[in-house]
């Protein structure tokens, strides 16, 4: 068999010529492939694929993988041309079914959407179709990837077949950027599987920031990690929702959960990008939606009430008439503030404030049992963080910032916030953190991989603080003391 230097690009051109020939003549696609191969000097199209495999073995497989990545993401590429030729109606039905399942509740005005963003979604969904979706053909339901492997003939080379097999076994997973060396590398930490070692890639190192998250597929083949081009990017401010998805995936891993994980990530991207100003805002300590609830009470006997609050070991008095109640784990270690309580003797009233629905229900039961007849319930006020942001216009927000700046100088505001952060995170290193599968940062730091995960969490904290400081026009609060607690250095 004569040796001919054959690249993936050359094979792609031959396939395109064969398709054109098949469309304009009575020959089948398989016959057309052999004809164009002979015109190019090969014995037949099998000779072409053999030469491509030999060239890749001698020069590496990266060029073909790059070519196939691009084709998998292009709805008009060779793969989708073949699918449209053989299963057009079934493919259109599945595309429509997938798209409907991903739509957010509120209608999207696509005419006002940036074209490049629509292209990104279209390309990414093309890959997802091949990786995880199925076609209904008569009475049978078949994975699209399996159809390509079983019925596409010489359309795919051996290496491309290997790639599709890997793709079908690899769901989209959430990754956190823990460190960035611009122009060189990005370190990614898997948020679902804490057994997976951090992955270092060169892609998008010039436009990533620490604390940013991505949904993506990373394939393992021939002792190398390959990053697919289907990437769903998330700003650090949206990381809470992605962490919540990762927590759910950690809690339950039933059969068939891979597709569920992939489409939860895609659905969250679309809702986060096109939905209201914010999707659910997540409470950092519990992973539940942030729902601000104030319970109002009439104080019937202040002396009895104060005595009962002061006698509770979980309650800490923070002012003359203010208290906080701590949530504890089974070992009696304080985890986070469950409720704050403020009494106003002059008005004979009291307010109990919580930040999630579950906390509100639990703390109301505890408080009314502890206070007994010393208080009388009046009413409850409840709003999600999203509702609060939707109610305030940008002008009102800026006016609020302006008024706060006139009352409190930015430097002083930072000093106040810094003291609150120091107190809140005083024992952070030894408290269970939902982002770390409810393990403490110090415990997770026992392994090299764990250190990278904790580094990613710290980078996320700091990214959110930078955004908050920017919006409030104040100096940035330092979180260096948290790095020091666990003995981590910055990279």
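The table that follows gives values for the structure above.
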read-out	value
Those residues of segment 47-64 which are in contact with a helix residue (DSSP H, G or I) (Cβ under 7 Å, 6 or more places away or on another chain) and either over 28 Å from residue 228 (Cα atoms) or modelled with pLDDT of 50 or more (or both), in sequence order	47, 48, 49, 52, 53, 56
Pair list, Cβ under 8 Å, 6 or more apart: segment 30-41 residue farther than 17 Å from residue 4 by Cα, other residue crowded, with 20+ Cβ neighbours inside 10 Å	30/45; 32/18
Options 215, 183, 211: the member that is part of a loop (DSSP other than H, G, I, E, B), at pLDDT 75 or above and not assigned by TED's automatic domain parsing to the domain that holds residue 449	183
Any chance residue 151 is in contact (Cβ under 8 Å) with a residue 60 or more places away in the chain and surrounded by fewer than 14 Cβ atoms within 10 Å (Cβ to Cβ)	yes
Some residue of segment 309-320 being surrounded by 14 or more Cβ atoms within 10 Å (Cβ to Cβ), in a loop (DSSP other than H, G, I, E, B) and modelled with pLDDT under 90	yes
Matching option when the condition is surrounded by 15 or more Cβ atoms within 10 Å (Cβ to Cβ) and modelled with pLDDT under 80, among 448, 392, 469, 429	469
Residue, farthest from residue 85 (Cα to Cα), within segment 18-36, restricted to residues that are under 43 Å from the mean Cα position of the chain (by Cα) and surrounded by 17 or more Cβ atoms within 10 Å (Cβ to Cβ)	33
Among the residues listed as 132, 94, the single one being touching a strand residue (DSSP E or B) at 6+ places or on another chain (Cβ under 6 Å), surrounded by 12 or more Cβ atoms within 10 Å (Cβ to Cβ) and modelled with pLDDT of 80 or more	94
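The values are calculated or read from the model by the stated rules, or taken from the named source; none is laboratory data. Not measured: the values here are computed from a predicted model. Virtual Cβ from ideal backbone geometry, glycine too; neighbours counted across all protein chains shown.
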